[in-house]
Amino acid sequence: MALNVTLKVVIVTGAGSGINYSFAKLLLENKCNVILADLALRPEAAELVSSYSDGNTTPRAIFMLIDVTNWKQLEEMFEMAGKEFGHADIICPRAGVFEPPTSNFWIPPGTGSSSDLPQNHYASFDINLSHPIRCTQLAISHFIKHKTPGSIVLISSVASQFPYIGCPLDTASKHAISGFVRSLAALEQPPNSNVPPIRVSAVAPVKKIQWLNSEKDQWVTLEEVADVMLSLIRTDNYKGGKNKARKVEELKDPGPQGDGLTLSAGAKGVEEIRTRLSDPSWGQYT
């Protein structure tokens, strides 16, 4: 199921910054055509697109303005891939948020800065969970339609195995993503000749968040995560280097181990939650 990525067409959501900017950059360096789908591009991402925007050369980068909570716009990504390149080969639905004040379990709907109440659902789940699931559905359909093998790379987190009270919505979504990926493992061995082999995989990096202490804690860099993501596509060897990457087993996985698991400033997050809950009116709105 390993794919030679050269000249392959890749759709990457959330590519305007962070891990997926690094992934998009690495893909272009490996001669992939890339559609960077996001609400905006940070300066370095805009420069990247500009550097690969010549329509007469390969590889080529295209920026597509998209709101990943809009399923119609997700469909339009695949239409864009068809129009510009014939079809897509690799999908990475990475756009995500880390429990922002507008959609945060500890800021209930209708209180504080939360914007969840008018929607009657959590925006964090729309972005972090519903969007990659819907993208995966669309990708499977796209690969079947074009009779081409495909690869789908999702982003989970160490939170899927190492929960933390400071971010329960994010933790729940990452547990769900990990279970979702495991559920689709059989697609790599398709049920019949009408379905091409499709690899669905994920990386689960440690996040650099406000509760980490940069002097004590360790985490993988964006570039290291991008390297592992690329290896999920083009090799059958999931092992990484520096003792910072490991294969997560489908069943009976021992869980995260070694460096990168400490949360030295985590007590600050817990204390913040206790302070919120000490208010008798927590969670109440009129």
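Residues that are buried (at least 22 other Cβ atoms within 10 Å of the Cβ), modelled with pLDDT of 95 or more, more than 26 Å from residue 236 (Cβ to Cβ) and aliphatic (A, V, I, L, M): does region 77-85 have at least one?
We begin by selecting, within region 77-85, every residue buried (at least 22 other Cβ atoms within 10 Å of the Cβ); these are 77, 81.
If we keep only those that are modelled with pLDDT of 95 or more too, we end up with 77, 81.
Add one more test, that the residue is more than 26 Å from residue 236 (Cβ to Cβ), and what stays is 77.
Applying the additional criterion that residues be aliphatic (A, V, I, L, M) yields 77.
Scanning region 77-85 turns up at least one residue that is buried (at least 22 other Cβ atoms within 10 Å of the Cβ), modelled with pLDDT of 95 or more, more than 26 Å from residue 236 (Cβ to Cβ) and aliphatic (A, V, I, L, M).
From the list 202, 176, pick out the single residue that is over 26 Å from residue 83 (Cα atoms), crowded, with 21+ Cβ neighbours inside 10 Å, touching a helix residue (DSSP H, G or I) at 6+ places or on another chain (Cβ under 7 Å) and of a type outside the set (S, T, N, Q).
202
Quick check on my filter: what residues within region 5-33 are farther than 19 Å from residue 142 by Cα and assigned to a loop (DSSP other than H, G, I, E, B)?
6, 14, 15, 16, 17, 30, 31
Please tell me if residue 24 is touching a Ser or Thr at 6+ places or on another chain (Cβ under 7 Å), surrounded by 19 or more Cβ atoms within 10 Å (Cβ to Cβ) and free of Cβ contacts under 8 Å to residues at least 40 places away in the same chain.
For residue 24, the condition - touching a Ser or Thr at 6+ places or on another chain (Cβ under 7 Å), surrounded by 19 or more Cβ atoms within 10 Å (Cβ to Cβ) and free of Cβ contacts under 8 Å to residues at least 40 places away in the same chain - is not met.
Give me the residue from region 86-122 that is buried (at least 18 other Cβ atoms within 10 Å of the Cβ), out of contact with any Asp or Glu (no Cβ under 6 Å at 6 or more places or on another chain) and small (Gly, Ala, Ser) and, out of that set, farthest from residue 146 (Cα to Cα).
Going through the qualifying residues, I end up with 114.
Collect the residues in region 94-121 that are assigned to a loop (DSSP other than H, G, I, E, B) and of a type in the set (Val, Ile, Thr), keeping them in residue-number order.
Step one: of region 94-121, the residues assigned to a loop (DSSP other than H, G, I, E, B) are 94-103, 105-106, 108-116, 120-121.
Within region 94-121, 97, 102, 111 meet the criteria.
Name the single residue that is surrounded by the most Cβ atoms within 10 Å (Cβ to Cβ) among those in region 40-73 being under 19 Å from residue 138 (Cβ atoms) and in contact (Cβ under 8 Å) with a residue 12 or more places away in the chain.
Taking the candidates together, the pick is 68.
Of all residues in region 45-75, which are under 26 Å from residue 123 (Cβ atoms) and either part of a strand (DSSP E or B) or more than 19 Å from the chain's Cα centre (by Cα) (or both)? Working first, answer last.
From region 45-75, those under 26 Å from residue 123 (Cβ atoms) are 45-46, 63-75; that's our starting set.
Passing the criteria: 46, 63, 64, 65, 72.
For residues that are at pLDDT below 90 and either in a strand (DSSP E or B) or among the aliphatic types (A, V, I, L, M) (or both), tally how many sit in region 147-183.
Within region 147-183, residues that are at pLDDT below 90 and either in a strand (DSSP E or B) or among the aliphatic types (A, V, I, L, M) (or both) number 4.
Suppose we filter region 88-115 for residues that are in contact with a helix residue (DSSP H, G or I) (Cβ under 8 Å, 6 or more places away or on another chain) and at positive phi; how many remain?
Number satisfying all stated conditions: 2.
Please work out which residue is nearest to residue 153 (Cα to Cα), limiting yourself to region 184-201 and to residues that are outside any strand (DSSP E or B) and of a type in the set (Gly, Ala, Ser).
As a first pass, look at region 184-201 and keep what is outside any strand (DSSP E or B): 184-197.
After this cut, where a residue has to be of a type in the set (Gly, Ala, Ser) as well, the list is 185-186, 193.
On the way: 185: 12, 186: 15, 193: 23 Å.
Applying the filter and picking the extreme gives 185.
The values are calculated or read from the model by the stated rules, or taken from the named source; none is laboratory data. All figures in this text were calculated on a predicted structure; none of them were measured in a lab. FYI the Cβ positions are ideal-geometry reconstructions off the backbone, even for glycines, and counts take in every protein chain you see.
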